[in-house]
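Have a look at the structure below, then the notes.
The values are calculated or read from the model by the stated rules, or taken from the named source; none is laboratory data. Since the model is a prediction, treat every value here as computed from it, not as a measurement. Note: ideal-geometry Cβ built from the backbone for every residue, glycine included; neighbour counts use all protein chains shown. Side chains are part of the model used for accessible areas, which takes the heavy atoms of the whole protein and leaves out ligands, DNA and RNA. Shrake-Rupley method; radii C 1.70, N 1.55, O 1.52, S 1.80 Å.
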Amino acid sequence: MPELPRVPLGRWIDSFVDLLRDNLPWLFTGIRTFFATLLDAVEWLVHWPHPLVFIVLAAVLVFWLRSWQFSLFTVLSFGLIWSMDHWDVTMDTLALILVATIVSVAIALPVGIAAARNRTVSQLVRPVLDFMQTLPVFVYLIPAVFFFGIGKVPGLIATLVFAIPPGVRLTELGIRQVDKEVVEAADAFGSTRNQTLVRVQVPLAMASIMQGVNQVIMLALSMVVVAGMIGAGGLGGEVFRGITTLNLPLGFETGLAVVILAIFLDRVTSSFRDRAAAAEA
């Protein structure tokens with residue numbers, strides 16, 4: 001049987017990447033500097049308080065948001081991380097997640113709002129989000145390494161790109177689900193389109209938006225661990241080191257620290273979502 005001619009797609013992509021790297025080095029240097037500076041600032045912020053002070057503040061926060069039982073769990077679990085001598089890498093991971101979440105939400109919110117208000121934008125964005133969510137997580141590391149090298153910044157960029165889709169989707173969904181009669185009532189009282197968005201649609205869609213933030217954080221945490229393979233450090237780097245050296249104690253302890261951090265962040269963001277839903281009701 002005749003064979004189809006091979007399409008050299010890989011070579012085309014390689015040539016395109018080389019073209020970008022050769023002609024836009026200033027852009028990638030600027031992006032790297034910006035994210036490195038932002039990450040350094042957040043790392044300093046989370047490392048600044050003594051672990052005991054951080055644990056107390058975290059416990060007070062979850063006591064206010066949820067219950068004394070989860071506050072007790074927070075004290076015991078973070079105390080366990082501290083006692084296992086993994087506090088610094090846990091704070092590095094927390095800083096990476098916070099920066100990735102802030103940037104992802106800053107991008108996802110306006111894109112989601114634009115998609116909710118314009119069907120053409122929604123139709124253009126949807127296949128891009130589908131592609132981003134179905135692409136294997138390890139593939140995100142390839143362009144990050146090619147453009148930004150090895151280290152925390154490429155891990156951060158791969159993480160935030162991987163985490164953006166649920167923020168966009170749930171923001172769009174929340175805006176679209178706002179009762180049309182409420183929007184029409186706001187228009188009838190002379191509210192402009194932007195005033196209706198800020199004062200009516202966004203507040204009523206806040207539960208869905210907060211669910212999107214929750215999903216962004218969870219995806220960021222999962223990707224941070226994978227990004228440890230390219231030198232992103234933190235708990236991901238320790239987990240990867242434990243795997244490559246067959247160090248079971250290190251792998252188990254850092255894996256447990258990842259689980260504790262995931263539970264804490266999930267419960268905190270879920271509490272904000274529940275409060276937003278209660279306010280809507």
Mind checking which residues of region 172-181 are open to solvent by 60 Å² or more (accessible area, probe 1.4 Å) and either closer than 27 Å to ASN214 by Cβ or not in a helix (DSSP H, G or I) (or both)?
LEU173, ARG176, GLN177, ASP179, LYS180
Every residue from region 146-165 that is of a type in the set (A, V, I, L, M), open to solvent by less than 50 Å² (accessible area, probe 1.4 Å) and over 19 Å from VAL213 (Cβ atoms):
VAL153, ILE157, ALA158
Looking only at region 102-110, decide whether some residue is without any contact (Cβ under 8 Å) to a residue 40 or more places away in the chain, touching a helix residue (DSSP H, G or I) at 6+ places or on another chain (Cβ under 7 Å) and under 25 Å from ALA207 (Cβ atoms).
no
Evaluate the following for MET218: is it touching a helix residue (DSSP H, G or I) at 6+ places or on another chain (Cβ under 9 Å) and over 27 Å from ALA36 (Cβ atoms)?
no
How about region 5-85: which helices (runs of 4 or more DSSP H) wholly inside it have at least 2 residues that are crowded, with 16+ Cβ neighbours inside 10 Å and on the phi < 0 side of the Ramachandran plot?
25-47, 51-65, 68-83
Filtering region 183-211 down to residues that are among the small types (Gly, Ala, Ser) and under 26 Å from ASP266 (Cα atoms), which residue is least open to solvent (accessible area, probe 1.4 Å)?
ALA205
Being surrounded by 22 or more Cβ atoms within 10 Å (Cβ to Cβ), acidic (Asp, Glu) and in contact with a helix residue (DSSP H, G or I) (Cβ under 7 Å, 6 or more places away or on another chain), is that true of even one residue in region 237-244?
yes
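Yes or no, residue by residue, for (1) modelled with pLDDT under 85; (2) open to solvent by less than 20 Å² (accessible area, probe 1.4 Å); (3) outside any helix (DSSP H, G or I):
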{"site": "VAL225", "(1), (2), (3)": "yes, no, no"}
{"site": "GLY228", "(1), (2), (3)": "yes, yes, no"}
{"site": "ALA232", "(1), (2), (3)": "yes, yes, yes"}
{"site": "THR254", "(1), (2), (3)": "no, yes, no"}
{"site": "VAL258", "(1), (2), (3)": "no, no, no"}
{"site": "ARG267", "(1), (2), (3)": "no, no, no"}
{"site": "SER270", "(1), (2), (3)": "yes, yes, no"}
{"site": "ARG273", "(1), (2), (3)": "yes, no, no"}
{"site": "ALA279", "(1), (2), (3)": "yes, no, no"}
Restricting region 123-139 to residues that are part of a helix (DSSP H, G or I) and open to solvent by less than 50 Å² (accessible area, probe 1.4 Å), which is nearest to MET229 (Cα to Cα)?
VAL137
Among the residues of region 1-44, count how many are among the polar types (S, T, N, Q) and modelled with pLDDT of 85 or more.
3
Looking at (1) within 21 Å of LEU98 (Cα to Cα); (2) open to solvent by less than 60 Å² (accessible area, probe 1.4 Å); (3) free of Cβ contacts under 8 Å to residues at least 60 places away in the same chain, which one does ARG169 not meet, given that it meets all the others?
(2)
